[in-house]
Amino acid sequence: MPAVRTAKNRKPPPDGFEDIEDTLLEFQNKLKDAENASHEGKKKHEMLWPVFRITHQRSRYIYDLYYEKEAISKQLYEWLLKNGYADANLIAKWKKQGYEKLCCLRCIQTKETNFNSTCICRVPREQLKEDQEIQCVSCGCRGCASND
Amino acid sequence: MESPNKRLKPSPPENMAKEDDFVPLNFDDEDNTTEQYGYGATSPSPGSATGQGMSNSPFNAPRGPQATQPRRDHRNDPRHAKDRPKSAHPLPGHEPWVLVKTKYGRYFVHNKDTRESLWRTPAHLKDAVREHEQGQTLEAEKLENAKWAEEQLKAMRQPEKAVAGREDEGRNAQDSHNRARRRRSESLQREDEEALMAEMAAEAEHAEEKDAKDAVKGVEGLQPKTVEGGAEAGYGSDSSYGEVEVTDSEFEDDDEGGKETAATAHMDGADQKHEGGPVEFGEDDIAWQLAAMEEDQDLGPNQDGGDDDDAADYEEEYDEADEDGASDEEAVLLFREMLDEHKISPFAPWDKLLNNEDILYDDRYTLLPNTRTRKAVWEEWVKETAARLKEERAKAEQLDPRIPYLAFLAEKATPKLYWPEFKRKYRKEAVMNERKLGDKEREKLYRDHIARLKLPESARKADLVNLLSSLPPRTLNRDTGLDVLPNQLLSHLHFISLPAAARVPIISKHISSLPPAPTNAEAGEIDAEAEKKRDDERKRREKALAEREKKVEEDRRKAEKEGRWAKREAREAEREVREATLGVGNRGLREQLRSG
């Protein structure tokens, strides 16, 4: 039988985790609130939007800390990815040109759409009609083209 | 003259209900996450469920009662887009208040301390504002006079012919000017009357509204001024406004059906200032201001998200104007200083900073022109602070996690409790959840400690003395204080085996029997030894390096030599071939055979 891993007997996180622990906890609480929020008066997909938004924010936070500010160590960054604090696939996309602000991976999944195209939120604002307000179905994004 | 009732109301009646029109520009918009690219500033707060599709405007204009009303599109007006606070004039006697003039000649008052801005001048400031404006008028008149004199002088200097030619022209211009002026004054007068009527009507309609009285007062206060303003407008003086309340007169004029000629329409904004009643600025105006601000920042709301400091930006624009002070570098330095002072964690996200009210109301926050620069400075600061922290931590001595745990054990552990019981009892304690130590180690230490507590006291004492004598004189000597015992001692189980009462005399006795700390000479000796060792090491490395270089050089020379040999051989071979071919000549085979 495999050993039971609890919070107590787990390996400690790498150094520097204490610095970002509070912020991560805040994100966790927000996520929990979003999960428990009432669905009344919401569209079918709308329940998931806050979840997408918060995970995006959290991933972005960790991404910025490691790549932009260089404030956390590589070990800690990898540990965070491994423990699901950030979405590694999403971050991988952010490193690519044209995807710097990508909201979620679903929005660039062309095979899942009727016309084999990306989500409307990937369309640059100047190509949309004047005053056209969009909010995509998959994650509630209002536009994440790189030049917006 | 058309009936005054036809005229559009100068301000929507609902607006009258709001005593002071938009006061501070800071809205409590909670969900100002910076980097939520896809999820722009329009996304509602995480808690609010209904907010999702509510507001699509890029900024969060205050939701006044006016919000539902059909509005004129002021935002598209180029004038609005460009209007900016231009100069601030202190009002003597009302210290924190300043009168701010915008680029297009509109006025509002601003309190530097509370940071509130009012289009409508509060009653207690009216006198000061009027004084200021009278001073302005005088100055303007002086200027005008000087200009006129100069023109006259110039005209006199012109040759007669030119004057004759120009006179007609001048007369025509004068005429048209006069006419325009007359027309303008008429229209102004008419408008004043209309405005008054409109005010009255509005007031009658909304008599039950709570500040109807104020409106009446405003109208009454205006009455004598109207006359004065109308009369003054006749002079065409540039600053012929009676009261400093801003009236959005231009649009009213437009609404009247463009009655005013182009000449008047394009006059300076100040020229058109006249009494339109206490017209309040509604949401539109705030909206265009915000829009202008955002243009200023050159940011989409999605990228920035820092909408709630638009207010601060706005304040700042004239803050800077009257300070004239801090250069960019200084501003940056001050901003960083502020970040340091507020103990901002470099690991906190940007929106956390924006939610920090202390910072938003700090004067240094407004030194930088917009949120984008602020963010850039903040990022730089974060980078440097994080790097510095990392360095400091690397330098700082690592505290053994066992020390606090052992201190805790010394206090709480008893042989009466098994480990699981002990663990359960103190599971909330911070030491029991310390990640660095690990549960297994904690358990082991506990069990060992309990086992040792069961030993006779003499044995434990002997162990402690052994431990003490095992420590080197550098760490433990006669000068060591009882409260700065070395870590090797503190992190040892034998140290806590005795209760503090029994332990302290033993330790102090032992310490007093020790020799003093090794002197500098001894320490120096050790240092010298280490130095020598290092020196040897270095020499060895240098030698190795030299040898390697020598070898490389030799190889190089050998290769060169071989190259030369090869070349020489090649040359020789070539020569042989050449000789052979030269020897043959072109005399033919027969000749050769004969000679051969």
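What the table below lists for this structure:
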item: The stretch B:388-402, subset within 13 Å of chain A (Cβ to nearest Cβ) and open to solvent by less than 50 Å² (accessible area, probe 1.4 Å), residue nearest to the chain's Cα centre (by Cα); result: B:389
item: Residues of the stretch A:113-146 that turn out to be open to solvent by 90 Å² or more (accessible area, probe 1.4 Å), part of a loop (DSSP other than H, G, I, E, B) and either more than 10 Å from chain B (Cβ to nearest Cβ) or touching a residue at least 40 places away in the same chain (Cβ under 8 Å) (or both), as a count; result: 5
item: Any chance residue A:94 is away from chain B (no Cβ under 11 Å), at pLDDT 90 or above and open to solvent by less than 70 Å² (accessible area, probe 1.4 Å); result: no
item: Top-ranked residue in the stretch A:1-26 [being of a type in the set (D, E, K, R), surrounded by 13 or more Cβ atoms within 10 Å (Cβ to Cβ) and over 22 Å from the mean Cα position of the chain (by Cα); ranked as modelled with the lowest pLDDT]; result: A:8
item: Residue ID - surrounded by the fewest Cβ atoms within 10 Å (Cβ to Cβ), chosen from residues in the stretch B:435-447 that are under 18 Å from residue A:5 (Cβ atoms) and of a type outside the set (A, V, I, L, M); result: B:440
item: Residue that is farthest from the other protein chains (Cβ to nearest Cβ) [pool: residues in the stretch B:403-425 that are open to solvent by 80 Å² or more (accessible area, probe 1.4 Å) and more than 22 Å from residue B:487 (Cα to Cα)]; result: B:416
item: First in the stretch B:426-447 and within 13 Å of chain A (Cβ to nearest Cβ) and in a loop (DSSP other than H, G, I, E, B), second anywhere and polar (S, T, N, Q) and surrounded by 14 or more Cβ atoms within 10 Å (Cβ to Cβ), Cβ under 7 Å, 6 or more apart; result: none
item: Residue match in the stretch B:323-336 (condition: within 14 Å of chain A (Cβ to nearest Cβ), open to solvent by less than 20 Å² (accessible area, probe 1.4 Å), in contact (Cβ under 8 Å) with a residue 24 or more places away in the chain and assigned to a helix (DSSP H, G or I)); result: no
item: Elements of type helices (runs of 4 or more DSSP H) in the stretch B:352-424, at least 2 residues being within 27 Å of residue A:61 (Cα to Cα); result: B:357-360, B:371-395
item: Residue identified as out of contact with any strand residue (DSSP E or B) (no Cβ under 9 Å at 6 or more places or on another chain), at pLDDT 75 or above and open to solvent by 70 Å² or more (accessible area, probe 1.4 Å) among B:525, B:531; result: B:531
item: Within the stretch A:27-47, tally of residues that are more than 8 Å from chain B (Cβ to nearest Cβ) and open to solvent by 80 Å² or more (accessible area, probe 1.4 Å); result: 8
item: Long-range neighbours under 9 Å by Cβ, at least six apart or interchain, first residue part of a helix (DSSP H, G or I) within the stretch B:526-546, second open to solvent by less than 90 Å² (accessible area, probe 1.4 Å); result: B:526/B:518
item: Residue under evaluation residue A:85, criteria (1) under 30 Å from residue A:15 (Cα atoms); (2) assigned to a helix (DSSP H, G or I); (3) more than 10 Å from chain B (Cβ to nearest Cβ); (4) in contact (Cβ under 8 Å) with a residue 12 or more places away in the chain, criterion not met; result: (2)
item: All positions within the stretch A:97-112 that are surrounded by 14 or more Cβ atoms within 10 Å (Cβ to Cβ) and among the β-branched types (Val, Ile, Thr); result: A:108
item: Pick from the stretch B:352-374, criterion open to solvent by 30 Å² or more (accessible area, probe 1.4 Å) and within 27 Å of residue A:25 (Cα to Cα), ranking: nearest to the other protein chains (Cβ to nearest Cβ); result: B:352
item: In the stretch A:103-112, the residues that are farther than 25 Å from residue A:21 by Cα and within 13 Å of chain B (Cβ to nearest Cβ); result: A:105, A:106, A:107, A:108
item: Every residue from the stretch A:48-69 that is facing chain B (nearest Cβ under 8 Å), open to solvent by less than 50 Å² (accessible area, probe 1.4 Å) and not in a loop (DSSP other than H, G, I, E, B); result: A:49, A:50, A:53, A:54, A:56, A:57, A:60, A:61, A:64, A:65
item: Residue list for the stretch A:1-45, filter: in contact (Cβ under 8 Å) with a residue 40 or more places away in the chain and assigned to a loop (DSSP other than H, G, I, E, B); result: A:13, A:14, A:15, A:16, A:45
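The values are calculated or read from the model by the stated rules, or taken from the named source; none is laboratory data. What you see is a predicted model; the values in this text were computed from it and never measured. Every residue, glycine as well, gets a Cβ built from its backbone with ideal geometry; the counts of neighbours run over all protein chains shown. For accessibility, only protein heavy atoms count, side chains too; no ligands or nucleic acids. Shrake-Rupley method; radii C 1.70, N 1.55, O 1.52, S 1.80 Å.
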